[in-house]
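A short worksheet on the structure shown next.
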Amino acid sequence: MVTSFMIPLLYKEGTYRLKDFHEDFGDSIDFDYDAQYQIFTYMVPVGEDCRHRIRLYQIPEETMTETLKAYYDENGQLQKITAWLYEKESLLYIHYADLEDARQKIKCFAVSNADAIAELVCANCTDVVARLFIEYFWDGEAIDFHALSGTPEQKEALEREYPEYDDIGDNSGDYFSDRIYGDNHTFGIMLCCAEYEQFDFFQYAVDIMTERVREKTVDRLQKTDDFKFIALQYD
């Protein structure tokens, strides 16, 4: 069974819950919920003539309908939508006034997200490290950005097992440390709401976060003489 509800793009200034909307207000963001698979699907406006599909998985219907909030500015423009998901108030939509507004908001997020990851890296990597990796991926829907460390012992074990590969120690996929994540959900939503055909916001944010993590971690870690910081995109 699929149920639907709408959030108008233009309304009165203020913050509203879903129960506050009782009629068709014209242009809107329409949410469809598939109860069988617990999937919310909705299309967000991107620029003037485009919409981008977003899917959220394993979300109980009442969680969304009871906690959703829509925020409108003094001009009645919908600025963002949030709901209490993943144990916090989570972004579902964000409005960008123009390309530069999107660039600034995504930059602000990238800096704060990278700082959070860097602090986790430093808190978790208290022993000597030989490698610190940044891995990232985005296919227009699924998104990932995380850090991963490698110990000298792990690196030496790889080199003994695969002596024919000179760069085996630089392959992040052969390390099995815990991956350290930031807020990939918000990152994905912000990208989906941006007009990325005009500008590569994904790589823009990745570059900011990668360099920020490097600046905030490398000098604080205990490192081997052959330590490397390596950033790579995977598929």
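Answer yes if at least one residue in segment 200-210 is in a loop (DSSP other than H, G, I, E, B) and modelled with pLDDT of 90 or more, and no otherwise. Scanning segment 200-210 turns up at least one residue that is in a loop (DSSP other than H, G, I, E, B) and modelled with pLDDT of 90 or more. Checked against (1) basic (Lys, Arg); (2) buried (at least 19 other Cβ atoms within 10 Å of the Cβ); (3) in a helix (DSSP H, G or I), Arg131 meets all criteria but (3).
Go through segment 70-91 and give me each residue that's in a strand (DSSP E or B) and among the polar types (S, T, N, Q). Write out each step before concluding.
Start the filter on segment 70-91 by keeping residues that are in a strand (DSSP E or B), which leaves 70-72, 77-85, 88-91.
Passing the criteria: Gln77, Gln79, Thr82, Ser90.
Selection of strands (runs of 3 or more DSSP E) fully inside segment 9-69 by the criterion of at least 2 residues being in contact with a strand residue (DSSP E or B) (Cβ under 8 Å, 6 or more places away or on another chain) and touching a residue at least 40 places away in the same chain (Cβ under 8 Å) returns 14-17, 39-46, 50-57.
Within segment 41-52, the set of residues being of a type outside the set (A, V, I, L, M), at pLDDT below 95 and either open to solvent by less than 90 Å² (accessible area, probe 1.4 Å) or within 19 Å of Ser90 (Cβ to Cβ) (or both) comprises Pro45, Gly47, Cys50, Arg51, His52. A residue that is over 16 Å from Glu211 (Cβ atoms), touching a strand residue (DSSP E or B) at 6+ places or on another chain (Cβ under 9 Å) and buried (at least 16 other Cβ atoms within 10 Å of the Cβ) occurs somewhere in segment 104-116. Against the list (1) under 14 Å from the mean Cα position of the chain (by Cα); (2) surrounded by fewer than 17 Cβ atoms within 10 Å (Cβ to Cβ), the condition Phe187 fails is (2). Just the residues that are outside any helix (DSSP H, G or I), buried (at least 18 other Cβ atoms within 10 Å of the Cβ) and out of contact with any Cys (no Cβ under 7 Å at 6 or more places or on another chain), please, taken from segment 147-176. Hits for segment 147-176 are Ala147, Leu148, Gly150, Tyr175.
Inspection of segment 177-197 identifies no residue that is outside any strand (DSSP E or B), within 17 Å of Ala130 (Cβ to Cβ), in contact with a helix residue (DSSP H, G or I) (Cβ under 6 Å, 6 or more places away or on another chain) and of a type outside the set (D, E, K, R). Taking into account only those residues within segment 165-223 that are in contact with a Ser or Thr (Cβ under 9 Å, 6 or more places away or on another chain) and among the β-branched types (Val, Ile, Thr), which is farthest from Asp49 (Cα to Cα)? Residue satisfying both the conditions and the ranking: Ile180. A single member of Ala194, Ala142 is crowded, with 18+ Cβ neighbours inside 10 Å and aliphatic (A, V, I, L, M), and it is Ala194.
Taking into account only those residues within segment 15-40 that are open to solvent by less than 50 Å² (accessible area, probe 1.4 Å) and out of contact with any helix residue (DSSP H, G or I) (no Cβ under 9 Å at 6 or more places or on another chain), which is modelled with the lowest pLDDT? It comes out as Gly26.
The values are calculated or read from the model by the stated rules, or taken from the named source; none is laboratory data. Note that the coordinates shown come from a computational prediction; the quantities given were computed from them, not determined experimentally. With ideal geometry, Cβ positions are generated from the backbone for all residues, glycine too; neighbour counts draw on all protein chains shown. Just so you know, the surface numbers come from the protein's heavy atoms only, side chains and all, with ligands and any DNA or RNA stripped out. Shrake-Rupley method; radii C 1.70, N 1.55, O 1.52, S 1.80 Å.
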